Amino acid sequence: MLRVRYRKVVPYPVAVVLSQYYDYEHIEHVHPESLGRYVLLEQGERRNVYEQLWPPGLLQSLGMPTARSVVQHTYEPPRTMRFRFLCGRHRGTEVVTVLEEHPEGCLVDETYGVPGLPDWSLLRRLALPPIRRRVNAIWAEDIGVDVCHGGWPGVPERSAEAEAPCAGSSRSGEGAEVWIDVAAANDLVEERPLLARLVVPGAGPDAEAVPGDVVLVRASGRLFAVEARCPHSGGPLELGRCRDGREIVCPWHGARFALATGEPISGPALRALSRFRVRERAGRIEVAVNEPSAT
Ligand code: FES
Ligand SMILES: [Fe+2]
């Protein structure tokens with residue numbers, strides 16, 4: 001098998017780039033002429049299978065049916081993905097994608113495995129320019145879109161489908177609570193999840209009461225604070241979307257959670273999100289945690 005390696009620095013954090021690989025919906029909006037459309041066939045914790053309907057080409061203009069591929073996408077945490085073309089166009093082709101932190105964003109390191117060709121250096125040199133041109137063009141489509149979610153190009157905006165009041169975000173705490181300043185109120189835009197670091201002043205690095213990152217949501221005039229990682233497989237909920245003013249949807253496999261209770265509504269997540277009491281005071285957002293038990 002011929003193996004061709006392609007590397008590119010993309011000016012977004014690793015989590016954003018990783019989420020784009022799961023965002024099947026953005027393909028038809030952002031890449032209709034280069035990638036066509038993806039239809040999800042199977043969804044698992046670390047394995048998804050989709051059908052790719054390629055954009056029409058010369059053969060389709062002559063009456064041939066749409067070209068298709070069935071592609072298996074597997075995720076190997078923390079940053080490796082494998083794409084295998086199981087049937088249809090490019091059958092047998094494999095792509096291994098490794099994402100690395102980079103001072104300017106994310107280093108995308110991809111190896112394309114082309115079946116039926118020997119792995120000769122001359123062939124690698126010949127194959128690299130067209131692969132580089134094509135992948136660069138696809139990234140340019142992502143970077144060039146004017147629809148974006150959370151400020152990140154290439155992730156299309158979804159509008160809320162309906163306005164509905166939230167049930168609230170209160171949770172009775174156990175033991176003494178402290179309110180932690182986590183963000184400026186102005187930074188929290190309606191229905192735009194915001195990642196905040198929850199650091200308890202004076203708590204040691206191992207203190208049990210330091211819960212890590214939280215995601216803040218302002219929706220329908222209410223505030224919510226939930227744990228930042230999806231309980232299914234660790235998807236970054238700050239890159240998810242708020243739905244109907246009542247739910248947060250994980251960007252990786254689409255698990256939906258009620259903001260008011262944290263309970264999963266649909267999708268693969270089985271447990272509820274942890275929630276935190278949250279309030280707005282003097283232009284700041286504060287989250288309540290139990291006082292540190294160790295210092
Ligand atoms: S990580 Fe799978 S649904 Fe969130
Ligand atoms: Fe894209």
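The values are calculated or read from the model by the stated rules, or taken from the named source; none is laboratory data. On a predicted model such as this, the values are computed, not experimentally measured, just so you know. Here the Cβ is made from the backbone with ideal geometry for all residues, glycine too, and neighbour counts use every protein chain on show. Quick note on the areas: whole protein, heavy atoms, side chains included, nothing else; ligands and nucleic acids left out. Shrake-Rupley method; radii C 1.70, N 1.55, O 1.52, S 1.80 Å.
Some points to look at:
- Carbon + sulfur, % of accessible area of region 2-153 - ligands and nucleic acids excluded, 1.4 Å: 56
- Electrostatic tally near Asp109: other residues with Cβ closer than 15 Å to its Cβ, Lys and Arg +1, Asp and Glu -1, net +1.
- Protection proxy ranking, highest mean first, for peptides 222-235, 23-36: 222-235, 23-36, where packing is the per-residue count of other beta-carbon atoms within 10 Å, averaged.
- Once the convex hull of all Cα atoms in region 223-290 is built, its volume per residue stands at 89 Å³.
- Of Arg241, Arg124, the residue with the largest accessible area leads and the full order is Arg124, Arg241 (1.4 Å probe).
- Electrostatic bookkeeping for Glu94 treats Lys and Arg as +1 and Asp and Glu as -1; over the other residues with beta carbon under 10 Å from its beta carbon, the sum is +3.
- Taking Cβ atoms as reference points and 15 Å as the exclusive limit, the residues near Leu53 contribute a net charge of -1, counting Lys and Arg as +1 and Asp and Glu as -1.
- Net dipole in debye of region 1-104 [+1 Lys, Arg Cβ; -1 Asp, Glu Cβ; about Cα centre; nearest 20]: 500
- Computed as a quarter of the hull surface, the mean projected area of the alpha carbon convex hull for region 1-127 stands at 8.9 nm².
- Carbon + sulfur, % of accessible area of region 177-290 - ligands and nucleic acids excluded, 1.4 Å: 45
- Cα centroid separation, region 67-130 to region 224-284: 32 Å.
- Accessible-area order (highest first, 1.4 angstrom probe) of the listed residues Ile138, Ile180, Ile265: Ile265, Ile138, Ile180
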